[in-house]
1. Could you order the peptides 36-48, 181-193 from most to least packed, using the average number of other C-beta atoms within 10 Å per residue?
2. Using Cα-only point scatterers and the Debye equation, what is log10 of I(q)/I(0) for the range 331-384 at each q in 0.20, 0.23, 0.30 Å⁻¹, rounded to two decimals?
3. Cα atoms only: what Rg and Dmax, in Å, come out for the range 263-344?
4. Rank by packing, highest mean first: peptides 196-202, 60-66, with packing defined as the count of other Cβ atoms within 10 Å averaged across residues.
5. Of the listed peptides 384-395, 274-285, what is their order by residue-averaged count of other C-beta atoms within 10 Å, with the highest listed first?
6. Sorting C365, C135 on the 10 Å Cβ count, fewest up front, what's the list?
7. Taking the Cα atoms of the range 312-402 alone, what are Rg (to one decimal) and Dmax (as a whole number) in Å?
8. Any chance you could get the radius of gyration and Dmax over the Cα atoms of the range 160-293, in Å?
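Values in this text are rule-based calculations from the coordinates and carry no lab data. Please read these numbers as outputs of a predicted model, since none were measured by experiment. Cβ atoms come from the backbone with ideal geometry, glycine included; neighbour counts cover every protein chain shown.
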Amino acid sequence: MRLIFSSIFLVLMLSSCFVSKQVRLAKGGEVIQKNFETSIDFEYFKGLIYLPVIIEGNTYNFIYDSGAFMNVISVELAANLNLEEEITSSVKSSSGRKQQSGMVELPSAVIGGIEFKNTGTIIQDLDGLNSFLGCHAIDGIIGNNLMRKANWKIDYDNELILLSSTSDVFEHSESAVVIPLSNKKWGNKHLKVSINGIEEYYTFDTGFSGYIQNDLNFYKKLKNQDTLMNFATSKGLLSADLYGATFSETHMFLFDSLILGDAKAENQKMKLKENGSSLIGNIFFESYDLTMDWDNNQLILDPIKTLKNDTLRVFDVIIAPNYNTYSLEIKGEWKFDSEVNIKMGSKILTVNGMDVSAFSKEKLCKYWDIEWKDVVKEGAINITVLEDGIEKEYALKKRQLLPVVD
C-alpha cells in the first residue's frame, strides 16, 4: 500500500518584485555539447525521481522537479563550491511558507555525461527537508530552468531517462497524447485539467509524489456540484515541502473522471487540503512514458499501463520514521469511528513482536524501505507504543475508506 503522507512537493516562486537579474538567472545557462543523445539511470522511490548529478568531479543526489522554476542546492554544497550569492529573494514553498534565499549561477552540473553550465540556482538550507527524506536525503533539486536546455523522456518502469539535443530521436506509439505548453521562456508550466467536469490549471510537477492535488476551494466546488460523494480525512505531519514537514488536514476522494487533453482517467484518488497548491504529479505520469519536448513546447504522454479503479485501505493511525531519533512514531491518523486512540508522536516499541525501538540509521532505512512494505500488506498488525511514559499494546486493523463499502 502506498502511504500518501510520504509525498513531498516543491513549487518554487520568486517574490512579486521581479528584477532583470532574477529573470536572467531563471532563463540563463547553456549546454556544452551541441548534438547529443544519451541516457541516465535514476532511482524512483515513493513517487520521487532521484538523479545523480556530477559537480566538480563529485556525485551528488538531486530530485528531478519540473515544479521548481529554478535549481536548488544546499547551503553546504554552495559553501564547498565557494559560491557567493548574486542576489537574495523570497522563495515560497507549496505550503505557502516563505524564506529569503540567495541565488547564483551554478558553474557546471553534469547529468548523464551532458554538461549544463551557468544555470540559475537557489541556495537553500535543506536540513528540514532532509529530516523528512531521511535515508534519501538530497544535495539539491534539478529545476525546469535546467530541463529546458535539453529534451527528456522519462521511462518510469525501467527507471531510465533519455535526454537529447533534439526531440526527433524519441519514438512514440500511435496512442501517444500531445499536450501543448505555453511559450513562456521561464517559470512553471500549468496544465488545464478537468476533474468531474470542473476545469482548473495544475502545475506540471515531477517533484510532487502524489497523483493530483488542489485546495479546499476546489472541495467546495465539488460539493456545490454534488460531485463529491464520499471522502476520507487524515491529519498529522504527513507531507513536506522545501522547508520540511508540514502539519495538515487532508481530504482524499475518488474522482469520477479526469481529462487532460486527450488523456483520461477514472476512479483515482485526489488530495484536497487547506492552502494546497494545484499540482499534478508523478503518480499520474508514471502510467505513461513522459516526454518533455522543449523544442516544440509540448508534453507527450505515451500510455504504458491501464489503471485499475483505485481504493483506500488504511490502518487507524499512520506510522512513519523519525530520522532524528531513528525510531518509528505515530505521525498521523484517519478520522473515522475507531476504538484506537493513540497520542500523536508516540514512539513505537514493537511491531508484530519485533523490537523496533533501537534502530541504527542503516537498520531503520532497511526496515522502512524494504521490510515495512511486507508488514503493511497484512490486514492487521499488533504494535506496542510508549505513550506518556507508559507501554501500551494496540491491534490495528485495516478499514476500506474509499470507495465506501456498505
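1. 36-48, 181-193
2. -0.90, -1.13, -1.35
3. Every Cα atom of the range 263-344 included, Rg and Dmax give 18.4, 57 Å.
4. The most tightly packed comes first, giving 60-66, 196-202.
5. Taking the mean over residues of other Cβ atoms within 10 Å, the ranking is 274-285, 384-395.
6. The fewest-first ordering by Cβ neighbours comes to C135, C365.
7. Rg then Dmax for the range 312-402, in Å: 12.6, 37.
8. When restricted to the Cα atoms of the range 160-293, Rg and Dmax are 16.2, 48 Å.
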